[in-house]
Amino acid sequence: MEQFAFYLFSVLTIGLFLVTVLSNNVLYAMTSLAAGMVIISGFFFILGADFLGVVQLIVYVGAVMALYSFGMMFFDATREIKEKNTNAYLVFFLGGMIALLLVVMFSAPIAGEGIVAMYPTPEGANNPQAVGLVLFTKYLVPFEVAAVMLLVAMIAGIILAGKKMDNSLTTKDENHEEEMTFSLKDVR
Amino acid sequence: MDALIIETVVKAIVVLLVISALAGFGTYLERKVLAFMQRRLGPMHVGPFGLLQILADGIKLFTKEDIVPQHANRLIFMVAPAITAATAFIALAAVPLFPEFTLFGYTIRPIVADLNVGILFVLGAMASGLYGPLLAGMAQANKWGIIGSARTAILFLSYEVVTGLSILAPIMIVGSLSLIDFNNAQAGGIGDWMVWQQPVAFVLFLIAGFAETNRTPFDLLEHEAEVISGYATEYSGMRWGMFFIGEYANMITISFVASLVFVGGFNPIGFIPGFLAIILKVSFFFFLMLWVRASWPHVRPDQLMWLCWKVLMPITIVNILITGIVLL
């Protein structure tokens, strides 16, 4: 049963991500990306890591939704997009090499000695508790550093985007229109 | 193993059928309640008190021509309504609907999949349901549709953070993500209800829930006066009906989650048995959604974003901080 589910999810994931890479249509590409992300959470559920599966679902659903809004702004979703391919062989070669490198990196420990759980789940702890225990004991410092990095990124984002935040574009009245166009020019 | 699979399949089919039927009945209730609040009669002509109106609407939806616009992306256009309907029912799979009961000597637990991260699963599945309107709007080669899907993205990016953070404080108190544990933590009668400990989180969760199901103060996806019908402009027949069923199933799911997390779930209140108690609570929340629809105007997209990020999110964070300090 589990094996059947695993192979089904594998084929679906690979197929969907292939569509993402090969399709010329924004809508197909992003829909298959979102669907692939959702199906990856199935692997976590098969492994019994319910918490990580749900987190994968929530995080990537939101992330791909933000990508969609960019796609909506930059492309016409119902047309094919002509991609500029300057050197197809180079792209093919580099892509293949990177894929090969990733396979080697991930299979090296398996080929070497087999994977052993360094921090086995404590008895009686359920899924979120097990994740929390490891995060807040062994990996506390990387966890906090990641939090600080996210904070830095957030502040940088606010500063980059928030230059003219105090005049709203949707509620501007006619008198201020001239002023607004000037300020937009300044930004450019 | 086989017994488990058969049981799960039967449960899934029963939930699917009952909730679809309830979604149809919900449209009738909505029209009636709105009519009485606006001093009208509502549907009256088909059957007693207009009750057969549901049937008439169903026949109309099933027999209407299924149109795909000329320049639309056919595949995505046809898949989008199924996403909304399917994710609404997938979310319902992790919700414990009633207390355990025995039928023909066989104990039945009325939950399709008992995950120990139930609440996160429900919210995640409901969030992915918004891909339906988003894709529908982008695939139909219609400007109203594009505006509708842009508003979907705005809605999603606004409410999601409030839902997650407002539910975090009750999770901290209960110490579990399972909806059954939430229910059991409030087993001691009305005094134990989470709403007395977390009134702020309750109100915020309801507000975010209204946005999640795109009910009226926040139904900016399909304002008739502004964007015709938003993402659903080009849809007709059963594909439009699937959006509708999805929306009503989401309303029922949010009502179930709100009553399980905040107002005692399916624990018996005094002489009222558990299953009746939760039906009453869910009906109340459903009624509340119609009540709000009758009394409040729409908000604009930028107002929604302002409300969620500048008002509600700081309140939730302060609420979480205070809860954390008290718990320590």
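The values are calculated or read from the model by the stated rules, or taken from the named source; none is laboratory data. All figures in this text were calculated on a predicted structure; none of them were measured in a lab. Every residue, glycine as well, gets a Cβ built from its backbone with ideal geometry; the counts of neighbours run over all protein chains shown.
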Residues satisfying the stated conditions in region A:76-100, i.e. surrounded by 16 or more Cβ atoms within 10 Å (Cβ to Cβ) and within 22 Å of the chain's Cα centre (by Cα) | A:A77
Residues of region A:34-74 classified as of a type in the set (F, W, Y), more than 11 Å from the chain's Cα centre (by Cα) and either crowded, with 19+ Cβ neighbours inside 10 Å or at the interface with chain B (Cβ under 10 Å from one of its Cβ atoms) (or both), total | 4
Give the residue that is surrounded by the fewest Cβ atoms within 10 Å (Cβ to Cβ), with candidates limited to residues of region B:94-113 that are aliphatic (A, V, I, L, M) and either farther than 15 Å from B:A12 by Cβ or modelled with pLDDT of 75 or more (or both).
-> B:L103
Subset tally (residues that are within 14 Å of chain A (Cβ to nearest Cβ), within 25 Å of A:G48 (Cβ to Cβ) and out of contact with any Leu (no Cβ under 7 Å at 6 or more places or on another chain)) for region B:81-111 | 5
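Return the only residue of B:I146, B:I245 being within 14 Å of chain A (Cβ to nearest Cβ) and crowded, with 19+ Cβ neighbours inside 10 Å.
Numbers: B:I245 fails: within 14 Å of chain A (Cβ to nearest Cβ).
Exactly one of B:I146, B:I245 is within 14 Å of chain A (Cβ to nearest Cβ) and crowded, with 19+ Cβ neighbours inside 10 Å, namely B:I146.
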Within region B:112-138, work out how many residues are within 12 Å of B:T233 (Cβ to Cβ) and facing chain A (nearest Cβ under 10 Å).
-> 1
Among the numbered criteria (1) under 30 Å from B:A150 (Cβ atoms); (2) touching a Phe, Trp or Tyr at 6+ places or on another chain (Cβ under 8 Å); (3) not charged (D, E, K, R), which single criterion is violated by B:Q303?
-> (2)
